[in-house]
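Trainee: Handing you this structure, nothing more for now.
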Amino acid sequence: MQASDPPSETGGERPHKVDSKFDPFRSTGRQGLAGYTQQGMNALHILFKTSRFNLSKVGEHFANRCCFGEDLAAWLRGKLIERKIEGSQPYQEDWGWELPASLGPDSYYLCISGNSDGSSLNEDEGDWRIIVEKKRSLWQRLNGEGRIAPNDEIVRLLEEILSGDPSIRDVHREE
């Protein structure tokens, strides 16, 4: 996004990291993002199944036909705020939605995307992925500090929130 670009109607764009190897314009969509985060980013993946959120109606404001997750991001933000976790306004990316969140001194990007399973019974039935990326300062990155851990509190809380909803099934981490 250039300084001269107008702000996004969905709350702005996350500035892409200068030292990142991820080029969102060269990506192969959600699969490219997921593969990249597993190899090079400071992130964990939470996967689950549900028909609770929209996977069938492409919004006029979607950057791409695959930008599902707006309703999940809004719902999750509400659940985080209920637990006194700061959740900023979610915004659209070219692969889905992103929800910035903070817990204590730590900040995170919750990257949300979903794929319909093609069920003829319910078009919104499908698989969802939340990539939990922990933000780190340049100093932390240079010194190998501040990496997300399997027992990170925000990951535990997200799993608790998702598992506590009866319409959400098979909550697990991608290994």
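The values are calculated or read from the model by the stated rules, or taken from the named source; none is laboratory data. Computed from a predicted model, the values in this text were never measured in an experiment. Ideal geometry is used to build each Cβ from the backbone, glycine not excepted, and the neighbour counts take in all protein chains shown.
Trainee: For the stretch 87-175, please list each of the strands (runs of 3 or more DSSP E) lying entirely inside it that holds at least 1 residues being more than 17 Å from Ala74 (Cα to Cα) and touching a Gly at 6+ places or on another chain (Cβ under 6 Å).
Mentor: So the answer is 106-116, 126-134.
Trainee: Oh, and also: Hey, among Glu123, Glu98, which residue is at pLDDT 95 or above and of a type in the set (Asp, Glu)?
Mentor: Glu98
Trainee: OK, next. Is there a residue in the stretch 55-71 that is assigned to a strand (DSSP E or B), in contact (Cβ under 8 Å) with a residue 12 or more places away in the chain, surrounded by fewer than 21 Cβ atoms within 10 Å (Cβ to Cβ) and in contact with a Ser or Thr (Cβ under 9 Å, 6 or more places away or on another chain)?
Mentor: No; the residues of the stretch 55-71 include none that is assigned to a strand (DSSP E or B), in contact (Cβ under 8 Å) with a residue 12 or more places away in the chain, surrounded by fewer than 21 Cβ atoms within 10 Å (Cβ to Cβ) and in contact with a Ser or Thr (Cβ under 9 Å, 6 or more places away or on another chain).
Trainee: Mind checking which pairs have a first residue in the stretch 145-169 that is farther than 14 Å from His45 by Cα and a second that is of a type in the set (Phe, Trp, Tyr), Cβ under 6 Å, 6 or more apart or different chains?
Mentor: From the stretch 145-169, the pairs are Ile168/Phe48.
Trainee: In addition: Select from the stretch 139-169 the residues that are surrounded by 12 or more Cβ atoms within 10 Å (Cβ to Cβ) and not aliphatic (A, V, I, L, M) and list them in ascending order. Before the answer, list the steps.
Mentor: Step one: list which residues in the stretch 139-169 are surrounded by 12 or more Cβ atoms within 10 Å (Cβ to Cβ), which gives 140-141, 146-148, 152-155, 157-163, 165, 168-169.
Gln140, Arg141, Gly146, Arg147, Asp152, Glu153, Glu159, Glu160, Ser163, Asp165, Arg169 - these are the residues of the stretch 139-169 that are surrounded by 12 or more Cβ atoms within 10 Å (Cβ to Cβ) and not aliphatic (A, V, I, L, M).
Trainee: What's the total number of residues in the stretch 24-58 that are modelled with pLDDT of 85 or more and of a type in the set (Gly, Ala, Ser)?
Mentor: Within the stretch 24-58, residues that are modelled with pLDDT of 85 or more and of a type in the set (Gly, Ala, Ser) number 3.
Trainee: Going through the stretch 115-132 one residue at a time, which ones are among the β-branched types (Val, Ile, Thr) and under 13 Å from Lys49 (Cα atoms)?
Mentor: Going through the stretch 115-132, the residues among the β-branched types (Val, Ile, Thr) turn out to be 130-132.
Answer for the stretch 115-132, where residues must be among the β-branched types (Val, Ile, Thr) and under 13 Å from Lys49 (Cα atoms): just Ile130.
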